Amino acid sequence: FDPRHYLRTHCYGLPRTGPHRLRFLLESVKDLRETLKKKGSTLVVRKGKPEDVVCDLITQLGSVTAVVFHEEVRETL
């Protein structure tokens, strides 16, 4: 979870993520983790800036061959 996604917007100071969306996200991650666990896998969840967290995670794991990510579309006005 990138803390920057839960700040206010630049233009109007509105919350980027409201309480209902946050609840949905947390419940979805919990459900995904439980589903993966039933299949013998797991889900790694971290809080922090992705550019820092991913680097630390790669260092911890040691044998990473690929990293896949998406970039959020920025607000333009």
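Provide the gained length on full extension for the span V53 to C11, in nm with one decimal, where the gain is 0.36 nm per separating residue minus the Cα-Cα distance. Mind showing how you got there, number by number?
Details: separation 42, 0.36 × 42 = 15.12 nm, distance 2.77 nm.
Net length gain for the segment: 12.3 nm.
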The chain - accessible surface per residue (Å², probe 1.4 Å): 93
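If you roll a 1.4 angstrom probe over the protein chains with everything in place, what fraction of the accessible area of the stretch 3-61 belongs to carbon and sulfur, to the nearest %? Can you show the working numbers first?
Working: 3040 of 5200 Å².
The nonpolar share, carbon plus sulfur, comes to 59 percent.
At 222 nm, what value in deg cm²/dmol follows for the chain if DSSP H runs of at least 4 each add -39500 (n - 2.57) and the sum is divided by all its residues, to the nearest 500?
Numbers: 2 runs with 32 residues, N = 77.
Per the formula, -14000 deg cm²/dmol.
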Compactness of the stretch 3-61 - radius of gyration and Dmax, Cα, Å: 14.7, 45
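Considering only DSSP states other than H, G, I, E and B, which GluC sites (Glu not before Pro) in the chain qualify as loop sites with at most 16 other Cβ atoms within 10 Å?
Numbers: sites: E27, E34, E51, E71, E72, E75; in loops: E71, E72, E75.
Those that pass, being in a loop and sparsely packed, are E71, E72, E75.
Subtracting the Cα-Cα distance from 0.36 nm times the residue separation, let me have the gained length for H20 to V44 in nm, one decimal.
On the way: separation 24, 0.36 × 24 = 8.64 nm, distance 2.31 nm.
Net length gain for the segment: 6.3 nm.
The values are calculated or read from the model by the stated rules, or taken from the named source; none is laboratory data. Bear in mind the structure is a predicted one, so any value in this text is a computation, not a measurement. Quick reminder, even Gly has a Cβ in these numbers, built from the backbone with ideal geometry, and neighbours come from all protein chains shown. Areas reflect the complete protein model, heavy atoms only, side chains present, ligands, DNA and RNA absent. Shrake-Rupley method; radii C 1.70, N 1.55, O 1.52, S 1.80 Å.
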